[in-house]
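The values are calculated or read from the model by the stated rules, or taken from the named source; none is laboratory data. On a predicted model such as this, the values are computed, not experimentally measured, just so you know. In this analysis, Cβ positions are derived from the backbone assuming ideal geometry, glycine residues included, and neighbour counts consider all displayed protein chains. Note: accessible area is taken over every heavy atom of the protein model, side chains too, but ligands, DNA and RNA are not part of it. Shrake-Rupley method; radii C 1.70, N 1.55, O 1.52, S 1.80 Å.
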Amino acid sequence: MKIAQIAPLAESVPPKLYGGTERIVSYLTEELVQQGHDVTLFASGDSVTSAKLVPITTMALRLNPHVRDAIPHHMILLDEVRRRADEFDILHFHIDVLHMPMVRDMLDRAVTTLHGRLDLPDLVPLYRAFPDSCLVSISDHQRLPMPPVNWGGTIYHGLPADLLPAKTETKDGYLAFIGRISPEKRPDRAIRIAVEAGMPLKMAAKIDAVDRAYWEQEIEPLVQAHDNVEYIGEINEQQKAEFLGNAAALLFPIDWPEPFGLVMIEAMACATPVIAFRCGSVPEVIDHGVSGFIVDSEAEAVAAVHAACQLDRGGVRAVFDARFTATRMARDYVSVYEDIITGRASPRLTSMVGEGQDLLIA
């Protein structure tokens, strides 16, 4: 197939540092090329890919100090895609909603993966206005707040099998927290869990400007108050393998409906068990008692820390290999592409995950 992957411009593909959506776009793009497809990537100019790159900006917007508004740059992106749309069998969008009016006349070749949360009230009338666009969710739970729309499938994220090496033995014995310092990620929970469990905690996380006050007023004082807690800042892909692989367990103490939670499968790829709160996609990703533990309180998380240290790390990696590789992800997307091209993904409106289960790919 001739496939266009349309990425957000906030980060490069793949990102230099933090960036979940762009990372998945990269893994999918590279795997599709490996499988023999003719792929064109619309992204920032500092992206690195084996596909054909159409650079929309010179560099990722988040790292460009001169950028104040991302919308004009995405308008340029959409115009470039519109002008070249007839070159492709499939247009795969990863930019949320900006393109919805444009693809009304391209529904026979367009699919959109929704990477973000869908429980925001402003999204309901928007998706109700565009019910025919083929959408892919990244977890079943992500779908729950949506009005009736045309679901093409649920496709879980995947990583290249050789991206993060499994470390089946580790003696470092620390707990890991990775992501963003923000209220919904609950780094405060991670700190309290580590303190109660009597284990070191290493926190690799970025601090966005919007969360700076939260860091300074609530999290930084907790870090400074406990000798077992170390904040090491934002890390890159190479550092991530060592950071996660050497950890006894990853703490994922979220307090919001996380659509997927990429770091969970990154930890599993490193053979590191995950201790996660029962929110969003967590019950779909974690095999309780095998790849980690699903908990409902900080007390349960503390108990799970000691249980996680006894898990077979080889079994953690085996779950990753069975469920969360980029090869499986790309295969599932190709199935959706084929359904669109042959007309099998015509609108079948479903609002709940329990309906239309034949559309789910997991």
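A few notes on this one:
- When the helices of the chain are scored as -39500 (n - 2.57) per DSSP H run of n ≥ 4 and the total is divided over every residue, the value at 222 nm lands at -9500 deg cm²/dmol.
- In sequence order, segment 292-299 has phi-based couplings of x, 9, 9, 10, 10, 7, 5, 4 Hz under the Karplus curve 6.51 cos²θ - 1.76 cosθ + 1.60, θ = phi - 60°, and Gly or Pro positions carry x.
- Residue ranking by accessible heavy-atom surface, 1.4 Å probe, largest first, among V210, V33 comes out as V210, V33.
- Residue-wise HN-Hα coupling along segment 198-215, computed from phi with Karplus coefficients 6.51, -1.76, 1.60 (Hz; x: Gly, Pro): x, 10, x, 10, 10, 10, 10, 8, 8, 10, 6, 4, 5, 9, 4, 5, 4, 4
- Each of A7, A190, C270 was placed along the dipole of the chain (beta-carbon charges, centred on the mean Cα), and the one lying farthest toward the positive end is A7.
- Here the Debye sum runs over all C-alpha atoms of segment 146-195 as equal scatterers in vacuum, and log10 of I(q)/I(0) at q = 0.15, 0.32 Å⁻¹ comes out as -0.81, -1.16.
- Within the accessible surface of segment 153-261, defined with a 1.4 Å probe on protein heavy atoms only, the carbon and sulfur portion equals 45 percent.
- Here, the chain yields an orientationally averaged convex hull projection of 17.1 nm² when only Cα atoms define the hull.
- Accessible surface of segment 52-108 [probe 1.4 Å, protein heavy atoms]: carbon and sulfur percent: 54 percent
- Segment 37-104-segment 160-203 distance, computed between alpha-carbon centres (Å): 34 Å
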